Amino acid sequence: MIGAKHFTGIAGYLPENRFLTGHPLLAGWLLGLAILGAFLEINFGESADDLRDVFLLSILPAMYFAPKPLWRSAPMLFLMAACLIALLCWGVGHWLHPEIAERSPKVNRLTNWLLAIPFALAMGGHLRAIFWVWGAAVLALLLSPWLSGGGLAEISRGLNGFRIDFALHNAQHTALYFGVALLGMFAFMPRVIASGAPKAVMFVIWLLVTAFIMVAVLITQTRGVWLGLLVGFVTLGGLMGLDLARRRAPASARRWILLAAGMLVALFASQSGVVVDRLKAEADVLGKVVQGQPIEDATTSSGIRLRSWAAAVPWIKERPIVGWGGQGRKAVIEKTDQLPQRIKDITRHLHSSYMDTLVNFGLLGFTLLLSLWGWLLYGAKSACKDGRIPRDLFNFFVAFMAYFAVVNLFESYMYYSSGVLVFALICGGVISCIWCPKQTQVTQSPGP
């Protein structure tokens with residue numbers, strides 16, 4: 001029989017799952033599925049459906065063997081609340097407006113927000129497992145131009161001013177992925193450089209990977225993600241600056257950070273024309289918004305969003321508590337006269353997770369979303385204080401949440417596979433650390 005010490009790999013390299021102690025086969029199986037899923041979901045989403053089903057089914061025995069306090073933890077309560085809210089909104093919809101209600105309740109619209117739970121169990125509260133899963137997702141992104149897109153030819157087109165997406169659904173979702181990766185590359189730069197020798201070589205590797213990710217963010221030409229990154233980097237820079245000032249990070253990290261920032265600013269400047277041209281495309285619409293003038297053009301990106309949101313407001317006011325059910329956002333688009341028919345034919349959502357939630361699930365769903373985010377931030381802060389989450393991971397998570405809050409204002413990422421996957425991966429790692437016993441100490445961020 002294979003024992004835990006044998007199964008944890010050569011020299012104990014396979015990380016121990018702190019929630020499945022004594023069950024190394026199951027723990028290893030879950031971690032392998034999580035790593036494989038993180039890699040395949042990005043480039044082969046539909047092909048990975050069977051793998052996702054196996055992963056979710058494997059969680060059932062994992063929950064049986066997991067410590068009982070996990071059953072009563074906040075994420076499990078949020079999961080139950082998501083089911084109840086989805087069922088309630090569906091039931092009220094059938095009662096009050098059956099003509100637009102769904103035939104059956106699609107509870108997954110809300111329970112998808114809690115897919116972080118399976119990933120948290122698979123990561124087992126171990127930093128090495130967390131970075132393995134996250135690393136698999138980053139590797140999938142780095143390979144996406146060749147696995148899904150047009151390779152170097154598509155990158156070249158992007159550098160020449162064309163908007164690219166590497167065939168990852170569309171450019172907005174591609175930008176979401178790469179934006180998260182860019183935040184992570186900066187947040188974990190000292191850790192990456194310290195992970196190998198010599199440090200100068202690791203820095204060059206880090207710089208090349210980061211430069212590629214930054215180019216990808218630029219050529220996706222997604223302004224909502226650019227704004228989200230601005231907010232995210234301001235947040236991350238402030239937290240990292242505080243760590244340096246309070247000596248929570250090695251002083252030697254400052255020179256690496258400044259050097260990297262200088263090089264990447266130069267790269268950004270070389271592609272600034274793409275940014276300027278993209279921003280100019282919506283300047284007239286945004287100018288009218290600032291001046292309080294009506295939006296006449298409903299075919300631009302900003303015009304479509306602003307008119308869709310305006311059309312949704314009366315629907316929200318009419319059903320403020322429980323919303324209109326899962327078909328609510330679609331009904332808003334179909335019945336509004338503020339959008340041309342050709343736009344309505346290709347649009348089924350309101351281009352904002354917040355507006356979609358308020359229309360579909362009312363204040364109940366919106367409160368669930370904000371409560372979940374609030375608990376994650378509070379739990380991460382508490383876990384960081386007692387050493388269960390290292391400072392660099394905490395800084396990254398706070399910056400990620402700032403970024404994620406902004407980008408969801410302009411796109412319904414919480415209802416698409418890209419946003420669900422990103423949220424599950426990042427929050428799964430954080431929840432796995434929060435779930436660890438308070439006496440557990442994780443490895444702090446090393447510095448170069």
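The values are calculated or read from the model by the stated rules, or taken from the named source; none is laboratory data. Just so we're clear, the structure is a prediction, and the values are computed from it rather than from any experiment. Positions of Cβ are backbone-derived with ideal geometry, glycine not excepted, and every protein chain shown enters the neighbour counts. Ligands, DNA and RNA are excluded from the accessible area calculation, which covers all protein heavy atoms including side chains. Shrake-Rupley method; radii C 1.70, N 1.55, O 1.52, S 1.80 Å.
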Kirkwood Rh, Cα Rg: Rg to Rh for the range 200-245?
1.08
For Arg163 the rounded accessible area (nearest 10 Å², probe 1.4 Å, non-protein molecules ignored) is 100
Cut-off under 5 Å, modelled amide H: who pairs with Ile164 long-range:
Thr220
Post the alpha-carbon centroid distance, the range 308-359 to the range 12-59, in whole angstrom.
37
What is the gain in length, in nm to one decimal, between Leu87 and Asp53 on full extension, counting 0.36 nm per residue of separation less the C-alpha to C-alpha distance?
10.0 nm
Over all directions, average the projected area of the Cα convex hull of the range 136-223 and note it in nm².
5.7
Distance between modelled label sites at Tyr378 and Ile343, nm, 7 Å Cα→Cβ extension
4.0
Assuming a ≥ b ≥ c are the square roots of the Cα gyration tensor eigenvalues, decide whether the range 52-162 counts as rounded (a/c under 1.5), prolate (otherwise, with a/b larger than b/c) or oblate.
oblate
Ratio Rg/Rh, restricted to the range 361-417 and using Cα atoms, in which Rh is the Kirkwood radius:
1.04
With all protein chains present, calculate the accessible area of Asp243 using a 1.4 Å probe and round the result to the nearest 10 Å².
10
